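Working notes for the structure below.
The values are calculated or read from the model by the stated rules, or taken from the named source; none is laboratory data. On a predicted model such as this, the values are computed, not experimentally measured, just so you know. All Cβ positions, glycine included, derive from the backbone under ideal geometry; neighbour counts span all protein chains shown. With ligands, DNA and RNA removed, areas are computed over all heavy atoms of the protein, side chains included. Shrake-Rupley method; radii C 1.70, N 1.55, O 1.52, S 1.80 Å.
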Amino acid sequence: MTRILLPTDFSDYAFEAIRYALFLYKDVQCTFYLMHTYTAPMYHTEYLIGSPGQIGLGDILQDSSMTQLKELKNRLENEYKNPKHTFMVHTAFNTLLDEISETVKAENIDLIVMGTKGATGAKEIFLGTNTVHVIKKAKCPVIAVPPHFEYEAPKEILFPTDYEIEYKKENLDGLLAIAKQHKSRINVMHVRAGYDLNAEQKKNKGQLEKLLGSSPLFHEVPDNGIIAAVNEFQVKIKINLLVMVQNKHTFLERLFLEPIIKKIGFHVTVPFMVIPQL
């Protein structure tokens, strides 16, 4: 049983991400946790000291959140009618990040799927603030789904790496399960930095080859920068899913997880999976 957390702010973007998860795992026995968090608008001050204007507001917000979650659950059950899928609803007076962290631990969540943007959906931002924070802190893989993405099976997966980190089986279980389910090809792309791999990188590459088995293709590309390399690769091969391992010392941290990444020059329009380094 795969356990997937689906945070929602009830926006169209959030629904698109949920729909992607249902299609991606349509042949897999899953429990989906539909989650919404809320805080009182002034809870930093008046709510905490029990201001008369705030009394009862928490109950109103909770009722509203739960009502919308139940409506969403009914909609998903009626529209998608998949006997392999079970839905749970979860609402909490908490920040999104804290509640996700607690739920991942309490429910033994395997994967989080969410939109790249929240309800505001600023066009110039590649990843919204909430998504960035979740990716940085999550103890399980996260798939961020861009707006208006029409579902396509992840037949071609792009996995950029600098071979700077040690790969373990538990890191890659989620990716390997997706690849097996969809008969995907994993394209491992190494952006050369103008010198040969050192002993540590060679060891890590060998480990990755063993873990990925027969499905991967390994590509060496010139060092024009990771963003240029991803863009150029997509011109040659249409990828359906971009995957990276989170690590403070790699290009993922430096280039992809800045709070604001201008869309200019960066053309990833496919879901983006980030795997924590366990």
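Here are some residues: Lys139, Lys117, Lys155, Lys169. Which one is touching a residue at least 60 places away in the same chain (Cβ under 8 Å) and under 20 Å from Gln277 (Cα atoms)?
Values: Lys117 fails: under 20 Å from Gln277 (Cα atoms); Lys155 fails: under 20 Å from Gln277 (Cα atoms); Lys169 fails: touching a residue at least 60 places away in the same chain (Cβ under 8 Å).
Lys139 is the lone residue from the list that is touching a residue at least 60 places away in the same chain (Cβ under 8 Å) and under 20 Å from Gln277 (Cα atoms).
With the requirement that a residue be at pLDDT below 95 and of a type in the set (D, E, K, R), what does the range 103-117 give you?
Matches in the range 103-117: Lys117 only.
With respect to Ala228, is the statement that it is free of Cβ contacts under 8 Å to residues at least 60 places away in the same chain, exposed (fewer than 15 other Cβ atoms within 10 Å of the Cβ) and out of contact with any Pro (no Cβ under 7 Å at 6 or more places or on another chain) true?
Details: free of Cβ contacts under 8 Å to residues at least 60 places away in the same chain: yes; exposed (fewer than 15 other Cβ atoms within 10 Å of the Cβ): no; out of contact with any Pro (no Cβ under 7 Å at 6 or more places or on another chain): yes.
So Ala228 does not fit the description; no.
Return the residues of the range 1-21 that are surrounded by fewer than 22 Cβ atoms within 10 Å (Cβ to Cβ), under 20 Å from Lys81 (Cβ atoms) and of a type outside the set (Ser, Thr, Tyr); say none if nothing qualifies.
If the condition is that a residue be surrounded by fewer than 22 Cβ atoms within 10 Å (Cβ to Cβ), under 20 Å from Lys81 (Cβ atoms) and of a type outside the set (Ser, Thr, Tyr), then Met1, Phe15, Glu16, Arg19 are the ones that fit.
So Glu150 passes all but one of these: (1) out of contact with any strand residue (DSSP E or B) (no Cβ under 7 Å at 6 or more places or on another chain); (2) in contact (Cβ under 8 Å) with a residue 60 or more places away in the chain. Which condition number does it fail?
Only one criterion in (1) out of contact with any strand residue (DSSP E or B) (no Cβ under 7 Å at 6 or more places or on another chain); (2) in contact (Cβ under 8 Å) with a residue 60 or more places away in the chain is unmet by Glu150, namely (2).
Please find, among Phe87, Phe93, the residue that is crowded, with 18+ Cβ neighbours inside 10 Å, aromatic (Phe, Trp, Tyr) and in contact with a helix residue (DSSP H, G or I) (Cβ under 8 Å, 6 or more places away or on another chain).
On the way: Phe93 fails: crowded, with 18+ Cβ neighbours inside 10 Å.
The match here is Phe87.
Taking Val270 as meeting all but one of (1) modelled with pLDDT under 80; (2) open to solvent by less than 90 Å² (accessible area, probe 1.4 Å); (3) part of a loop (DSSP other than H, G, I, E, B), write down the number of the exception.
(1)
Please state which of the following conditions Glu102 fails to meet, knowing it meets all the rest: (1) in a loop (DSSP other than H, G, I, E, B); (2) open to solvent by 60 Å² or more (accessible area, probe 1.4 Å); (3) more than 19 Å from Ala14 (Cα to Cα).
(1)
Taking the residues in the range 163-192 that are open to solvent by 50 Å² or more (accessible area, probe 1.4 Å) and assigned to a loop (DSSP other than H, G, I, E, B) as candidates, determine which candidate is modelled with the lowest pLDDT.
Once the filter is applied, the top-ranked residue is Arg192.
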